[in-house]
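*Asks:* A single structure is presented below for examination.
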Amino acid sequence: MADEPGDTHAQHIVARESGFVASVNSGTLNVNHAQKPVPWHYLLPLTVTILAIIGAFAWAGLPNQETAQPASGQILKPFSGEAVPAQTDNLPLSVVSSTPLENGLTDPLVLPTKLEMSASELDEFNDRTSSNLDTLRTWRKAHGALPLKDGVATFAVRNNLPESISIVGMSAVKECSAPASGTYIQFPKQGGSVENVQLFVDLDAPNSYVQDSDSRGADYFRAKTVVLGGHEIVSFTLYATTNRFDCSFRLRTYVASSQATVFQDLDDSGIPFRISGSSPGSTEAPHSGYQSVYVPEPYPSRGVMPIDPQSALK
């Protein structure tokens with residue numbers, strides 16, 4: 001860039017360093033042995049100019065503070081660079097306990113396949129299976145039953161490293177399809193409610209990052225970091241929801257340590273979490289999207305009975 005006329009400091013820069021005097025005149029560098037020290041007030045404009053240039057280049061290399069904000073659903077990671085997959089022989093976390101996504105004992109279930117129970121099977125289901133959470137959980141697993149719309153899972157992870165690590169991000173890596181449409185089961189209401197949860201994920205959202213369950217819509221890890229000491233265990237409760245899909249997913253978890261920042265996919269001890277939305281029916285027959293439908297028997301019975309999916313009974 002051309003020097004401004006009359007700017008003697010730009011046309012003639014002088015600095016004393018290691019017994020030499022360097023001068024710049026019209027683009028030519030001359031080096032001579034120093035004769036006497038240069039007054040400090042000559043050096044001040046030069047120092048300010050150099051620092052300004054260095055600062056400008058350094059700032060140019062930083063992300064724009066306005067445009068670097070994450071898009072909706074994207075994790076804002078408080079670390080520079082991209083995370084890499086964790087090595088399978090050096091995973092920072094291990095799942096020490098987990099449960100599948102479940103809902104309350106009396107909340108609706110759906111099955112991917114059609115279920116037709118005989119009279120004796122229906123009696124067994126009503127009298128023993130559905131009245132106890134443990135037996136119902138075993139039955140659910142055997143039949144591939146899914147919670148409808150809302151589900152809760154718990155899992156605990158251990159830090160495998162001797163040093164402290166930080167969990168700085170988490171999102172659902174999902175595979176979703178049309179809602180399960182095999183069988184719908186509605187249980188009689190018996191009271192009770194689903195336990196409170198700390199984390200929430202909306203599987204209908206394009207980018208299903210994990211949110212704070214108390215302030216839906218906010219990335220949990222944008223404001224918080226979960227720190228684990230060496231070999232420490234921490235427990236999570238995850239609330240998941242979908243109205244539109246049958247979704248299987250794992251939780252992509254970002255972990256920062258002194259070694260590196262890596263991501264690791266967490267699940268229900270090797271099995272993806274899974275949940276389904278409602279299979280849409282007609283206005284006249286709201287359950288017509290299913291092949292089989294079971295609804296509560298007339299009061300005071302506490303069991304279920306099959307009905308025609310095309311029935312108008314809600």
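The values are calculated or read from the model by the stated rules, or taken from the named source; none is laboratory data. Keep in mind the model is a prediction, meaning the values are calculated, not measured. Quick reminder, even Gly has a Cβ in these numbers, built from the backbone with ideal geometry, and neighbours come from all protein chains shown. The area values use the complete protein model at the heavy-atom level, side chains included, leaving out ligands, DNA and RNA. Shrake-Rupley method; radii C 1.70, N 1.55, O 1.52, S 1.80 Å.
*Asks:* Can you work out the accessible area per residue across the range 236-314, with the rest of the protein chains kept in place, probe 1.4 Å, in square angstrom?
*Replies:* I get 47 Å² per residue for the range 236-314.
*Asks:* Let me ask another. Where Lys and Arg each count +1 and Asp and Glu each count -1, what net charge lies around SER269 among other residues with Cβ under 15 Å from its Cβ?
*Replies:* +1
*Asks:* Kindly sort THR88, THR138, THR106 by accessible area of their heavy atoms, largest first, with the probe set to 1.4 Å.
*Replies:* THR88, THR138, THR106
*Asks:* To the nearest 10 square angstrom, how much accessible area does TYR294 have with a 1.4 angstrom probe?
*Replies:* Counting only protein heavy atoms, the figure is 10 Å².
*Asks:* A follow-up question, please. Pop a pseudo-label 7 angstrom from the Cα along the beta-carbon direction at both ILE233 and GLU121 and give the gap in nm to one decimal.
*Replies:* For ILE233 paired with GLU121, the spin-label model returns 3.9 nm.
*Asks:* OK, next. Between ARG128 and ASP308, what is the label-point separation in nm under the 7 Å Cα-to-beta-carbon projection?
*Replies:* According to this spin-label approximation, the distance is 3.4 nm.
*Asks:* Need one value: the accessible area of ASP202 in square angstrom, 1.4 angstrom probe, rounded to the nearest 10.
*Replies:* 50
*Asks:* Can you sort ARG244, ARG250 by solvent-accessible area, 1.4 Å probe, largest first?
*Replies:* Output order, biggest surface exposure first: ARG244, ARG250.
*Asks:* With the cut-off at 23 Å, tell me which of the pairs LYS114/LYS141; LYS149/LYS174; LYS141/LYS224 have Cα atoms farther apart than that.
*Replies:* Flagged as over cut-off: LYS141/LYS224.
*Asks:* Whenever you get a sec, line up THR283, THR99 from highest to lowest accessible area (probe 1.4 Å, protein heavy atoms).
*Replies:* So the residues, ranked largest to smallest area, are THR283, THR99.
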